[in-house]
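Undergrad: Quick one: structure below, then a few questions.
Read the figures in this text as sums done on the coordinates, not as results from a lab. Bear in mind the structure is a predicted one, so any value in this text is a computation, not a measurement. Cβ coordinates were reconstructed from backbone atoms using ideal geometry, including for glycine residues, and neighbour counts include every protein chain displayed.
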Amino acid sequence: MSMQNLPKSPALHNAMWPGLVGKGPDSEPPIDLITMLDLTAAAEVEGIRFDGVDLFAAAPHVDIDSDKAALQNIADEIAKRNLVVGSLVAPVWEPTGGGSAMGSAEERKRFLTQVRKACRMGQTFRDLGIRRYSVIRIDSAASPEAWAGDPAGNSKKIADTFREACEIADDHGERLAAEGEICWGGMHGWKHMVTLLEMVGRPKTLGFQADMAHTLLYTLGYNAPENRLVPENFEWSDKDALMGALRTVADALRPWTIDFHVAQNDGTVFGAGSHDKTGRHCQATDPNGKMDIVAVAGLWMRDANGEPTHAFQHICWDGCMFPNTVMLDSQTWRDVLRTLISVRKAHGWN
């Protein structure tokens, strides 16, 4: 199949938050949004470029309290690089002005305030013509350790908070995607994630955001050994066992998936700055990566019958906590783009 005949959907996006996540006083300095946009826009593989970017709605990239004029300036910067805006990450955590979704009434109020602001931002970007699709990403903003103090009660609180968040999203014409990641309480195991989504019971508004680096950790039972799908002495050379475990996770969560991150993982956990330990995002060409990226992406992009799901309008590469030397290397983003093209070629649609 020539490049000219490749599927055009889903669109190919790059995440901007790796310039912020895991950066700061305890780690490397953040990389500003303009630099991230320039690196993304400059990447090209045989005439194909990134279509858009997904944003972290927090300073210093995009302040959650930005007025329309500030968002217009950001939209202009993105548009002049022939990119669009896709998903927005709502800054629901205490350090960014939010609070635990299972916390006190005041903490949950702060959580919902940040969701409301992010939905308003998404609506503004739509009004400005720079955003035509995608979601607002959320999580529980709570640790697995805190959740374990009262699993049933805390899951109920998270579900109640998420249900209120759905009302806010509906008011703004948005959808919410809950990020499945081992560092978020009540979402730290694949079975816990399914249970939470079912408890909320708003599939038209709240879905799942699958990230390949995080869902791999689900199979290993990090932070949720009761959800482990491979043995503790698992040999990574057993590719059939790995794909079987990943398929079990995908089959359970694919019906909920409305946002998808292509990523690689070396099977270990990693934290940087203030970010809790979670799946280590590896470079697309990392020889220590445990997954066949294209094959595993197909578990999420194709249904149980092998047909494309058409469940989301773009796929995004997530390279959280890459060192700055890697982030600032233009070859990194050409490799990422080439990987996304291969994924779309194998599993995309027109």
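Undergrad: For the range 249-255, in order, what is each residue's ³J(HN,Hα) by Karplus, 6.51 cos²θ - 1.76 cosθ + 1.60 with θ = phi - 60°, in whole Hz (x at glycine and Pro)?
TA: Residue by residue, the range 249-255 yields 5, 5, 4, 6, 10, 4, x Hz.
Undergrad: Sticking with this structure for a sec: Scan around residue 309 for amide H atoms under 5 Å from its own, H built in the peptide plane at 1.01 Å from N, and keep only partners 5 or more places away or cross-chain.
TA: Those qualifying (amide H under 5 Å, at least 5 residues apart or on another chain) are 302, 303.
Undergrad: Something else now. Give the distance, in whole Å, between the Cα centre of the range 202-237 and the Cα centre of the range 11-42.
TA: Spelled out, the Cα-based centre of one part sits 26 Å from the other.
Undergrad: Kindly rank 79-89, 119-129, 238-248 from highest to lowest mean number of other beta carbons found within 10 Å of each residue. Intermediate results must be reported in sequence, preceding the final value.
TA: Details: 79-89: 20.8, 119-129: 19.2, 238-248: 16.0.
So the peptides 79-89, 119-129, 238-248, ranked by packing, come out 79-89, 119-129, 238-248.
Undergrad: What are the ³J(HN,Hα) values, in whole Hz, obtained from phi via the Karplus relation 6.51 cos²θ - 1.76 cosθ + 1.60 with θ = phi - 60°, for each residue of the range 326-331 in sequence order, with x given for Gly and Pro?
TA: 6, 4, 8, 8, 4, 5
Undergrad: Continuing with this model, one more query. Within the range 130-226, which trypsin sites (Lys or Arg not before Pro) sit in a loop by DSSP and count at most 14 neighbouring Cβ atoms inside 10 Å?
TA: Working: sites: 131, 132, 137, 156, 157, 163, 175, 191, 204; in loops: 131, 132, 175, 204.
Of the trypsin sites (Lys or Arg not before Pro), the ones in loops of the range 130-226 whose Cβ has at most 14 other Cβ atoms within 10 Å are 132, 204.
Undergrad: Let me ask another. Using Cα pairs closer than 8 Å and at least 6 residues apart in sequence, work out the relative contact order for the chain, in percent. Don't skip to the end; give the middle numbers.
TA: Details: 707 pairs, mean separation 71.6, N = 350.
Computed over the chain, the figure is 20 percent.
Undergrad: Would you mind counting up the charge near residue 202? Only other residues with Cβ under 13 Å from its Cβ, with Lys and Arg at +1 and Asp and Glu at -1. If you can, show how the numbers build up before the last one.
TA: Details: positive: 163, 175, 204; negative: 160, 164, 167, 170, 174, 198.
It works out to a net charge of -3.
Undergrad: Highest first, please rank the peptides 333-340, 259-266, 41-48 by the mean number of other Cβ atoms sitting within 10 Å of their residues. Show your work: numbers first, answer last.
TA: Values: 333-340: 21.5, 259-266: 26.1, 41-48: 14.6.
Highest to lowest by the protection proxy: 259-266, 333-340, 41-48.
Undergrad: For the range 56-137, take the alpha-carbon Rg, divide it by the Kirkwood Rh, and send me Rg/Rh.
TA: On the way: Rg = 13.2 Å, Rh = 13.0 Å.
Ratio of gyration radius to Kirkwood radius for the range 56-137: 1.02.
Undergrad: Counting DSSP beta bridges with both partners in the chain, what percentage is antiparallel, nearest 5?
TA: Values: 7 of 34 bridges.
Roughly 20 percent of the beta bridges in the chain run antiparallel, per DSSP.
Undergrad: Let me check I've understood the local charge: for residue 302, count other residues with C-beta under 12 angstrom from its C-beta, Lys and Arg +1, Asp and Glu -1. What total comes out?
TA: On the way: positive: 247, 254; negative: 251, 303, 307.
Neighbour charge sum, excluding residue 302 itself: -1.
Undergrad: Just add up the charged neighbours of residue 253: K/R +1, D/E -1, any other residue whose Cβ is under 13 Å from the Cβ of residue 253.
TA: Numbers: positive: 191, 247, 254; negative: 179, 181, 198, 211, 251, 259, 303.
Taking every Cβ under 13 Å from that of residue 253, the sum is -4.
Undergrad: Here is a further query. Sort 290-298, 30-38 for me by packing, meaning the mean count of neighbouring Cβ atoms within 10 Å per residue, highest on top. Present the calculation step by step, with values, prior to reporting the outcome.
TA: Values: 290-298: 19.2, 30-38: 17.7.
Averaged packing, sorted descending, gives the order 290-298, 30-38.
Undergrad: Skipping prolines and chain starts, which residues have an amide H placed within reach, meaning under 5 Å, of the one on residue 180, given they are 5 or more residues away or on another chain?
TA: Distant-sequence amide H within range of residue 180: 209, 211.
Undergrad: With labels modelled as points extended 7 Å from the Cα through the Cβ direction, what inter-label distance (nm, one decimal) is found for residue 113 paired with residue 6?
TA: Inter-label distance under the simple model: 4.4 nm.
Undergrad: Under a 5 Å amide H to amide H cut-off, with H placed in plane at 1.01 Å, what residues pair with residue 257 once short-range neighbours are removed?
TA: Answer set, sorted by chain and number: 208.
Undergrad: Here are some pairs, 109/157; 239/290; 80/345; which of them have Cα atoms lying more than 18 Å apart in this structure? Walk me through the numbers on the way to the answer.
TA: Values: 109/157 12 Å; 239/290 9 Å; 80/345 27 Å.
Distance filter (> 18 Å) returns 80/345.
Undergrad: Return the FRET efficiency for the residue pair residue 69, residue 241: r is the Cβ-Cβ distance, R0 is 45 Å, and the value is rounded to the nearest 0.05. Present the calculation step by step, with values, prior to reporting the outcome.
TA: Working: r = 54 Å, r/R0 = 1.21.
Step by step, r from the Cβ atoms, then E = 0.25.
Undergrad: Would you list, by chain and number, the aspartates and glutamates whose Cα falls below 17 Å from the Cα of residue 68, excluding same-chain residues fewer than 8 positions away?
TA: Filter leaves 76, 77, 127.
Undergrad: Now, a different point. I'd like the FRET efficiency for residue 148 and residue 345, computed as 1/(1 + (r/R0)^6) with the beta carbon distance as r and R0 of 41 Å, rounded to 0.05.
TA: Working: r = 43 Å, r/R0 = 1.04.
That gives a FRET efficiency of 0.45.
Undergrad: Turning to a different aspect of this structure: Among 93, 236, 256, determine the one that fluctuates most according to a GNM of the chain built with springs between C-alpha atoms less than 10 Å apart.
TA: Taking springs between Cα atoms under 10 Å, the residue moving most is 236.
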